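See below for the structure under consideration.
The values are calculated or read from the model by the stated rules, or taken from the named source; none is laboratory data. These numbers were taken from a predicted model, which means no experiment stands behind them. Every residue, glycine as well, gets a Cβ built from its backbone with ideal geometry; the counts of neighbours run over all protein chains shown.
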Amino acid sequence: MRWHRTTALLIGLVALAVPARGQETASAVQRGKAVFHATGGCNCHTDVKNKGPFMAGGRPIATPFGNIYATNITPDDETGIGAWSDADFINAMTKGTGPDGRHYYPVFPYTSFTRMTRQDLLDLKAYLFSVPPIRQANQPNALRFPFSWRGGLAAWKSLYFQPGAFQPDATQAEAWNRGAYLVNALGHCSECHTPRNLMGGLKTSMRFAGAVDGPEGELAPNLTPDEATGIGDWSTTDLVWYLQTGLKPDGDDTQGLMSEMIEHGFQHVPEADLRAIAAYIRSLEPIANKVVPKDK
């Protein structure tokens, strides 16, 4: 009789635990979706131009060193990241190394994602594992030697990669720190809007001052509040509206990669977070740097 009571108790506990785990998983997926939007929608991993499957990779990303093809990050076990553990995912995002120990090229912005909190990383993984798995093999990169040799990335990291989670500034307001986290960790804005040296390292003295050779060969404008060459005449309302709609204060609309990031990411971010982003960007040091195509 005691055995039956014990068995019934165990069955009851399991029955209670299963819905609780299901609810926590659903919550993690929802939180992860919010993180996903704050990154700009990870849109490099979808070959939008060729109407490729969501997050299945294959998109060519032009760099001065050749083309790098975005990888499949759907939860397919063979061609995606479905077999990755939490540790595998966190190492990729914060250290730029795969489960097999290979170094990743910094076109994948682990140099910024390294600042993400562990909870945001786990929530993002939960969301990515909730999308449909797509069996699509990754394409080999087309890089010139010596950049095609992954072994050189260890040396590159020693020079240009500073791992470590975001550290709030106690002298700044909570909104400013939230904006700094969103811009520097999730949004990885400096990866596109900062010029790079001949080795592909960011020129830190020119952070956010714009770049001629942005991703996919696009111009990335100056985000600093310099009034002549940056966005010094943009108000907080202008910045929030831009991130929600893609419309600039002069009525022009954004194009290219940034328009995708707004459509699939930033327009879904809560307005309070967008205002925090604006507060941080407007506090940056103004840098005079007019970004124009090389042939002009």
Would you confirm whether any residue within the stretch 67-84 is over 16 Å from S130 (Cβ atoms) and in contact with a Phe, Trp or Tyr (Cβ under 7 Å, 6 or more places away or on another chain)?
yes
Residues located in the stretch 263-276, provided they are within 15 Å of the chain's Cα centre (by Cα) and buried (at least 19 other Cβ atoms within 10 Å of the Cβ)
H264, G265, F266, V269
The stretch 154-171, residues that are out of contact with any helix residue (DSSP H, G or I) (no Cβ under 6 Å at 6 or more places or on another chain), without any contact (Cβ under 8 Å) to a residue 60 or more places away in the chain and surrounded by 15 or more Cβ atoms within 10 Å (Cβ to Cβ):
W156, Y160
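This table checks each residue for (1) assigned by TED's automatic domain parsing to the domain that holds G200; (2) at pLDDT 95 or above; (3) out of contact with any Pro (no Cβ under 6 Å at 6 or more places or on another chain); (4) part of a strand (DSSP E or B).
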{"site": "L9", "(1), (2), (3), (4)": "no, no, yes, no"}
{"site": "L13", "(1), (2), (3), (4)": "no, no, yes, no"}
{"site": "Q23", "(1), (2), (3), (4)": "no, no, yes, no"}
{"site": "G32", "(1), (2), (3), (4)": "no, yes, yes, no"}
{"site": "C44", "(1), (2), (3), (4)": "no, no, yes, no"}
{"site": "M55", "(1), (2), (3), (4)": "no, yes, yes, no"}
{"site": "E78", "(1), (2), (3), (4)": "no, yes, yes, no"}
{"site": "G82", "(1), (2), (3), (4)": "no, yes, no, no"}
{"site": "V107", "(1), (2), (3), (4)": "no, no, yes, no"}
Listing of helices (runs of 4 or more DSSP H) fully contained in the stretch 161-258 that carry 2 or more residues being within 18 Å of the chain's Cα centre (by Cα) and more than 14 Å from R282 (Cα to Cα)
190-193, 236-245
Could you tell me whether any residue of the stretch 96-113 is in contact (Cβ under 8 Å) with a residue 40 or more places away in the chain, of a type in the set (S, T, N, Q) and surrounded by fewer than 19 Cβ atoms within 10 Å (Cβ to Cβ)?
no
If I go through the stretch 43-71 residue by residue, how many of them are over 27 Å from L202 (Cβ atoms) and in contact with a Ser or Thr (Cβ under 8 Å, 6 or more places away or on another chain)?
4
Report yes if G232 is without any contact (Cβ under 8 Å) to a residue 12 or more places away in the chain, surrounded by fewer than 16 Cβ atoms within 10 Å (Cβ to Cβ) and of a type in the set (G, A, S), otherwise no.
no
Condition first: more than 18 Å from the chain's Cα centre (by Cα), under 24 Å from C42 (Cα atoms) and part of a loop (DSSP other than H, G, I, E, B). Can you find one or more residues in the stretch 150-158 that meet it?
yes
Among the residues of the stretch 122-137 satisfying the criterion of being hydrophobic (A, V, I, L, M, F, W, C) and not in a loop (DSSP other than H, G, I, E, B), which is nearest to N91 (Cα to Cα)?
L122
